[in-house]
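Notes for the one structure printed next.
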Ligand code: XIL
C-alpha cells in the first residue's frame, strides 16, 4: 500500500508544527515541508511576551502577523502560544515588578491587548505555560532559577490563584478562542500531573473558562510508555480537548556532546513515535482530539541541541528535510 503523501493527509486530527517565520520566509525547503505536512501552526517564539512586548508599552506583532497571513492564505489553523510564561525569557520590565496590583494590571493589559489583536485569527491560546513546580507540585514561587537568572515570580508576587484569573482575562479578550493550560513532564512527574488535574476540577467547580490541556511531551526514546499512556488517559478523562503540543523525541537521553546516529537509535525513535501517536488516537475521544504539534520542523532547527548542549536528532525530518523512520512511526501510529 502506498504511503499517504503528507502527515496531514494521513491524519484525522490536525498535525501542527512550531514555526519560525524567518525560516518560513527565507528557506524554501522548510516552507515546503511545513505547507505540505501541517494542518496547524504554532509560533515557536514570536507570540511569546518576550517577543511581542519586550519594552513596556511597545507591542511588536509583525512576525506573528506574517505567520498568521501565511496560515490564513493556506487554510491552516493557528494555535497561539503563550500569554503567560514564568521563565527568564519573560519581558525584563515585567520581571522587575514587585507590587502585586502593578503586575496583575500589567498581565491583564498584556492579555487584553494581545488577545484583541489576534481575535478571530487564532483558534486557541495557551493561556498559562508551566505554572507548577517540578519538586513540590505547587504553583511556582521562585524568583531566580538554578543558574541565578531572574524569573517572573507569578505565584510569589500576585498569589497562588493567579492561573484562574489569567483564564478569565483571556476569555474576556477573545471569547471565541479555546483556552488551554500547557505543561511539561506529565509523563514522568506524578505530582505535577496531579496538580493539573486538581486545577481542572477546581476550575470546573468555579466555572473558570478552560477548554483544553496541552501535554508538551519533550520526551526521549527511553521515556516509559506507561507514563505516556497514563498522562494521555488522565487528560482525556477530564473531558477537555487534549493537545500534544510540543512533541519531540530525543535519541540521546545521556545528553552526550557527540553522538553518532545509528539505525538502532532511529528504530527506537520510530517505535516511540508510533506509540505516542497510536496511544493518542486510541485513548482520546475524537471530539477531544485537538491534535499533535511537532516542536520544530527538521533536525536542523530543533531547540533540543541548544537546550541540552548536546547532539540530538529529535524530529520527523532529518537536517536535509528527508523523512526519517520517525516519520514512518508517526504514520504507522495513525
Ligand atoms: C523554546 C523554543 O523552542 C526555543 O527556540 C527558545 O529559545 C526557548 O523556548 N516549552 C515551551 C516552549 O513551552 O515555548 C519552549 O520553546 C520549549 C519548552
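What follows is calculated from the coordinates using simple rules that are stated; it is not laboratory data. Only a predicted model underlies this, so the values are computations on that prediction, with no experimental measurement involved. Here Cβ is always computed from backbone atoms with ideal geometry, including for glycine, and neighbour counts include all displayed protein chains.
By the beta-carbon count within 10 Å of each Cβ, the least crowded to most crowded order of 29, 279, 42, fewest first, is 29, 279, 42.
Please list, in order, the residues from segment 304-330 whose amide nitrogen is less than 19 Å from a point placed 7 Å along the Cα→Cβ vector of residue 2. It comes to 323, 328, nothing else.
Build a GNM of the chain with springs between Cα atoms under 10 Å apart, and of 187, 138, 264 the one that fluctuates most is 264.
In terms of the Cα gyration tensor, with a ≥ b ≥ c the square roots of its eigenvalues, is segment 156-220 rounded because a/c is under 1.5, prolate because a/b exceeds b/c, or oblate?
Values: a/c = 1.91, a/b = 1.51, b/c = 1.27.
The shape class here is prolate.
The GNM of the chain, with springs linking C-alpha atoms under 10 angstrom apart, assigns the highest mean-square fluctuation among 128, 46, 58 to 58.
Would segment 88-232 count as rounded, prolate or oblate if I go by the C-alpha gyration tensor, calling it rounded below 1.5 in a/c and otherwise prolate when a/b exceeds b/c, oblate otherwise? Because a/c hits 1.5 or more and a/b fails to exceed b/c, segment 88-232 counts as oblate. Cα-based radius of gyration for segment 171-276, normalised by 2.2 N^0.38 Å, reads 1.27. Compared with the direct C-alpha span, the chain from residue 258 to residue 123 gains 44.6 nm at full extension, assuming 0.36 nm per residue.
Helix-only arithmetic for the chain: the sum of -39500 (n - 2.57) across DSSP H runs with n ≥ 4, divided by the residue total, places the mean residue ellipticity at 222 nm at -12500 deg cm²/dmol.
Highest GNM mean-square fluctuation among 296, 148, 16, for the chain modelled with Cα contacts below 10 Å: 148. Ranked by how many other Cβ atoms sit within 10 Å of their own Cβ, fewest first, the residues 241, 166 fall in the order 241, 166.
Using a cutoff of 8 angstrom between alpha carbon atoms and counting only pairs six or more residues apart, the relative contact order for segment 210-334 works out to 30 percent.
Once Rg and the Kirkwood radius are both taken over the C-alpha atoms of the chain, their ratio Rg/Rh works out to 0.94.
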